[in-house]
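Colleague: Let me give you the structure first, and then I'll get to my questions.
Since every read-out is calculated from the coordinates, none of them should be taken as a lab result. Source: prediction; values computed, not measured. Note that we place each Cβ from the backbone using ideal geometry, even for glycine, and neighbour counts take in every protein chain shown.
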Amino acid sequence: MNKKTVKDIDVKGKKVLVRCDFNVPQDESGNITDTRRIVSSLPTIKYLLENGAKVILCSHLGRPKGEVKKEFSLLPVAKELSKQLGIEVKLASDIIGESAKSLTSNMKEGEVVLLENVRFDAREEKNDSEFAKELASLAEVYVNDAFGTSHRAHASTAGVASYLPAVSGFLIEKELDFMGNAIENAKRPFVAILGGKKVSDKIGVINALLEKVDTLIIGGAMAYTFFKAQGYEVGNSICELDKLDLALELMEKAKTKGVKLMLPVDTKVGKEFSKDTESKIVKCTEIPEGWEGFDIGNETIELYKQELENAKTIVWNGPLGLFEFDQFAIGTNEIANKLASVDAITIIGGGDSAAAIEKIGLADKMTHISTGGGASLEFLEGKKLPGIECLQDK
């Protein structure tokens, strides 16, 4: 993915439209509870300001479905950005209307304007060409730095690139470097850990990784589909009955490719879905009726740790248990701690796995934590991402 970055173009005196990912979580009072996405956009914004650009930022927040909704306004983001940058970030009250046009028309070098939530206009998600053209008309250069939404072909992530010279910001450059290199030029042994609920969400990734890894470790609720496929009872555990043949095919493919496919050998089961439920550890082949699997067991944790000991590249996507409940977070926590201590390139593929690592406080011990959940999955699968494809090649 040899794409031009902001360093490959002259931005002095130019209006630069930057698509960021400011889709940040907030509490009931509208206070931002995690500023990670805002902070990760700062290197690109600061570089543009230092090099004399007039910076116009845009982003979505939540799912307002084309309607203006106060709770999805980017006002809290504008305030946080002003604090982080040490200069006033003016918020336009619209996207391509009077406010946006008047705020961006007479900008000086080193100024920043943030447009209101692009999803307040229904044409954004439809990648409407007229809307994209209007948005592009505010600027002279387009920079995409929103990796987390680059798998979506929306007006602000892909459409505007038809009307402006388009390059990547530093965040996307970093994602492509780390994830691209990890996959294409992996130091071996290369181990992938996949968790999460459903095999169906990860079919493409499992298939793609079976072509590249030495070991594939499976955890999370999707493991129970593999056990059911082999004829074992899984109690009330999450299980995709329509994916049993597929699970067997994937196991067969691993064998053919010489990939070590590791499934849990024991599991921590609970009586019901609650944080204080009665629980016990049983063999994966002996899950009792009426019980549900919520985490990997101690024996599995030890086996997985041993496998990770000598790995040189590790990619992890999806938690290994119901990590939101402390008693079922042990598998995820133990494996995270192991990753923090091994001498390997460790890449966390966004989404829930990134949240789990943050919760444990080990983010700074990982080589790279992706900012994209769905985007990282599609990238690992080898799919083309519209928000990256539209950028100029070096």
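Colleague: Select from the stretch 168-199 the residues that are within 18 Å of the chain's Cα centre (by Cα) and surrounded by fewer than 16 Cβ atoms within 10 Å (Cβ to Cβ) and write down the one among them that is farthest from G293 (Cα to Cα).
Modeller: Step by step, filter the stretch 168-199, then rank; the result is D177.
Colleague: Taking the stretch 239-295 on its own, how many of its residues are closer than 15 Å to V199 by Cα and surrounded by fewer than 12 Cβ atoms within 10 Å (Cβ to Cβ)?
Modeller: Total satisfying the criteria: 3.
Colleague: While we're here: Restricting the search to the stretch 296-329, which residues are surrounded by 19 or more Cβ atoms within 10 Å (Cβ to Cβ), of a type in the set (A, V, I, L, M, F, W, C) and over 21 Å from the mean Cα position of the chain (by Cα)?
Modeller: Correct list: I296, I301, L308, A311, F328.
Colleague: Can you find a residue that is among the β-branched types (V, I, T), surrounded by 19 or more Cβ atoms within 10 Å (Cβ to Cβ) and in contact (Cβ under 8 Å) with a residue 24 or more places away in the chain anywhere in the stretch 357-370? Can you show your working first?
Modeller: Let us first name the residues in the stretch 357-370 that are among the β-branched types (V, I, T), namely 357, 360, 367, 369.
Imposing the further condition that a residue be surrounded by 19 or more Cβ atoms within 10 Å (Cβ to Cβ) reduces the set to 357, 369.
Filter once more, so that each one left must be in contact (Cβ under 8 Å) with a residue 24 or more places away in the chain: none.
No, the stretch 357-370 contains no residue that is among the β-branched types (V, I, T), surrounded by 19 or more Cβ atoms within 10 Å (Cβ to Cβ) and in contact (Cβ under 8 Å) with a residue 24 or more places away in the chain.
Colleague: Separate question: Name, by its number, the condition in (1) over 18 Å from V18 (Cβ atoms); (2) more than 23 Å from the chain's Cα centre (by Cα); (3) among the hydrophobic types (A, V, I, L, M, F, W, C) that does not hold for L85.
Modeller: Against the list (1) over 18 Å from V18 (Cβ atoms); (2) more than 23 Å from the chain's Cα centre (by Cα); (3) among the hydrophobic types (A, V, I, L, M, F, W, C), L85 comes up short only on (1).
Colleague: Residues that are within 23 Å of M179 (Cβ to Cβ) and hydrophobic (A, V, I, L, M, F, W, C), at least 2 per element: which helices (runs of 4 or more DSSP H) completely within the stretch 296-360 meet that?
Modeller: Details: elements: 298-309, 330-341, 351-360.
Passing ranges, in order: 330-341, 351-360.
Colleague: Among the strands (runs of 3 or more DSSP E) contained in the stretch 193-288, which hold 2 or more residues that are in contact with an Asp or Glu (Cβ under 6 Å, 6 or more places away or on another chain)? Break it down into steps so the answer makes sense when it comes.
Modeller: Details: elements: 215-218, 260-262, 266-270, 279-283.
Correct list: 266-270, 279-283.
Colleague: Against the definition (charged (D, E, K, R) and under 19 Å from the mean Cα position of the chain (by Cα)), how does R152 come out, yes or no? It would help to see each step written out before you state the result.
Modeller: Values: charged (D, E, K, R): yes; under 19 Å from the mean Cα position of the chain (by Cα): yes.
Judged against the criteria, R152 is a match.
Colleague: Let me ask something else. Can you give me the ranges of the strands (runs of 3 or more DSSP E) entirely in the stretch 23-124 with at least 1 residues that are within 29 Å of E175 (Cα to Cα), touching a residue at least 60 places away in the same chain (Cβ under 8 Å) and not charged (D, E, K, R)? Step through it out loud before you land on a result.
Modeller: Numbers: elements: 54-58, 89-91, 112-114.
The strands (runs of 3 or more DSSP E) meeting that bar are 54-58, 112-114.
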